[in-house]
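Chemist: Pasting in a structure now, in structure tokens, and then I'll have a few things to ask.
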Amino acid sequence: MLTRADHRNPVYRATVNQECITAFNDLKLSKKYKYIIFKLSDDNKEIVIDKTGDASEDYEVFRESLINATTKSRSGQVGKGPRYAVYDFEYQLASGEGVRNKITFIAWSPDDAGVMPKMIYASSKEALKRALTGIATELQANDADDIEFESIKKTVSKGTAA
């Protein structure tokens, strides 16, 4: 059982692997990726890349990757797993004024994931966000409906998308 003091223990705050920052800059500057999914390393001490997707990948591939993400507990049990993700959302303005892109940070923490993984992800999120300069929007997602494309597009575009 964790005590209140355990939550302040730095063991529960992961560091960001340099590859995460490099990949994010590739997404942002050279459009090498459409999205990046990050996870905690098996020892929960470092945030690492789980998966990347190029511009040709469909949004549903990204969404299914989050929904099907798993994590392993200390006892070796595998269950639903939280993830962090950045997605370069592109949308057409309803006004006809063109296309916009917004890099969106998604904190995926499914309701049916274990308590310990959710706590560690929650305590490490700010470290990753600080390392990734240029995020336009942040979303917290807890179930599959929260990451429906149209729902996110509406939030990211603040209702201005076609």
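Chemist: Treating only the Cβ of Lys, Arg, Asp and Glu as charged (+1, +1, -1, -1), what charge dipole size does the chain show about its Cα centre? Round to the nearest 20 debye.
Modeler: 640 debye
Chemist: Can you work out the FRET efficiency for the pair E150 and S75, with r the C-beta to C-beta distance and R0 = 41 Å, to the nearest 0.05?
Modeler: 0.55
Chemist: What does the extension gain come out to for Q18 and S30, with contour length at 0.36 nm per residue minus their alpha carbon separation?
Modeler: The Q18-S30 span can extend by a further 2.6 nm.
Chemist: Simple spin-label model, 7 Å along Cα-to-Cβ: D42 to Q92 in nm?
Modeler: 4.7 nm
Chemist: Normalise the Cα radius of gyration of the chain by 2.2 N^0.38 Å (N = residues in it) and let me know the number.
Modeler: 1.06
Chemist: Here is a further query. How big is the antiparallel share of DSSP beta bridges in the chain, given as a percent to the nearest 5?
Modeler: Of those bridges, close to 75 percent are antiparallel.
Chemist: Let me ask another. Normalised by the number of residues in the chain, what is the relative contact order in percent for Cα pairs under 8 Å and 6+ residues apart?
Modeler: Relative contact order of the chain: 21 percent.
Chemist: For the pair V115 and R100, how long in nm is the line joining their label points, each one 7 Å along Cα→Cβ?
Modeler: 4.1 nm
Chemist: I would also like to ask the following. Determine the calculated [θ] at 222 nm for the chain from helices alone, applying -39500 (n - 2.57) to every DSSP H run no shorter than 4 residues and normalising by the residue count; nearest 500 deg cm²/dmol.
Modeler: -9500 deg cm²/dmol, from helical runs alone.
Just so you know, all these numbers are worked out from the coordinates, no wet-lab data involved. Predicted model, so just to flag it, every value in this text is computed and none were measured. Cβ coordinates were reconstructed from backbone atoms using ideal geometry, including for glycine residues, and neighbour counts include every protein chain displayed.
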